[in-house]
Amino acid sequence: MSLKFGVVVFPGSNCDHDAYYALRKILNYDVEFLWHKENDLKQSNVILLPGGFSYGDYLRTGAIARFSPIMNSVINFANKGGIVIGICNGFQILLEAGLLPGVMIRNNSLKFVCKDVYLSVENRDTIFTSEISSDKKVVKIPIAHGEGNYFANPELLKELEENQQIIFRYSDAEGNVTENDNPNGSQLNIAGIVNKNGNVLGMMPHPERACDPTLGKTDGTLIFKSIANYILN
């Protein structure tokens, strides 16, 4: 089977070219941009919703992008088992579209946060984490968001834990999940979750910004390589 990423572009996306660069120039995968007004996924077998400020984040983050024509195709694709990854604003759009449970609210500091963070890998047996070796306690990936505070009711949080749908949690460099290492107030230090079927991932950190060795960090490649390994093998 071939591997092709489709990177959706919304008005206000600003990490679409970052994603394209990481996937095409660093990892040598086939990639194509998908305009938000289109319906055709152009035979992509992985859809990536990038970070940014789709539609200026009016109403709520991701609330308007969820109604873009392309999202009907993305929702149908995901519901049929297609692989979808939403990064930062893309995660927020997945929540608004109902492809992932829960909501995002403002960071508890009420400030935009932009820095490198450590993530404890909570489940390595997924489409998105299989290439992260068991001896690697954490991955180091940057965040850049003002509304990354994941919120859900107690019943949903319990369900996410029981189903091992929490994939990444904010942690220290040793993988200890503590309140001090939570950059936005997210419940249970949640940084990334998958749906029940395991084919849709939403994460606030930006793996596409941790792929180029020139920048001194490449842990983001492990997520994309995990996806590639799942499809190609």
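Bear in mind these aren't lab numbers, they're just calculated from the coordinates by the rules spelled out. Keep in mind that what you see is a predicted model, and the values were worked out from it rather than measured. Cβ coordinates were reconstructed from backbone atoms using ideal geometry, including for glycine residues, and neighbour counts include every protein chain displayed.
For n ≥ 4 DSSP H runs only, could you compute -39500 (n - 2.57) per run for the chain, divide by its residues and tell me the 222 nm figure to the nearest 500?
Working: 5 runs with 46 residues, N = 233.
My calculation for the chain gives -5500 deg cm²/dmol from helical runs alone.
Backbone phi angles across the stretch 81-90, fed through the Karplus curve with coefficients 6.51, -1.76 and 1.60 (θ = phi - 60°), yield HN-Hα couplings of x, x, 7, 10, 10, x, 10, 6, 4, x Hz in residue order; Gly and Pro are listed as x.
Assign unit charges at the C-beta atoms only (+1 for Lys and Arg, -1 for Asp and Glu), then state the dipole size of the stretch 4-232 relative to its Cα centre in Debye, rounded to the nearest 20.
Details: 21 positive and 25 negative charges, 74 e Å.
For this selection, approximately 360 debye.
Straight-line cross-link partners of Lys196 among the lysines, defined as a Cα under 24 Å from its Cα and at least 8 positions apart when in the same chain: Lys4, Lys80, Lys158, Lys225. The mean sequence separation of alpha-carbon pairs under 8 Å and at least six residues apart, normalised by the residue count of the stretch 4-232, gives a relative contact order of 20 percent. The string of couplings for the stretch 96-102 from the Karplus curve (6.51, -1.76, 1.60, θ = phi - 60°) is 5, 7, x, 7, 9, x, x Hz, one whole number per residue in order, with x for Gly and Pro.
Each of Lys4, Lys37 was scored by other Cβ atoms within 10 Å of its Cβ. Listed from fewest to most, they are Lys37, Lys4. Spatial offset of the stretch 161-182 relative to the stretch 183-227 amounts to 12 Å, using the alpha carbon center of each. For the stretch 134-145, the Karplus equation 6.51 cos²θ - 1.76 cosθ + 1.60, evaluated at θ = phi - 60°, returns couplings of 5, 8, 9, 5, 9, 10, 10, 9, x, 10, 7, 7 Hz by residue, with Gly and Pro reported as x. Of Val121, Val200, the sequence from fewest to most neighbouring Cβ atoms within 10 angstrom is Val121, Val200.
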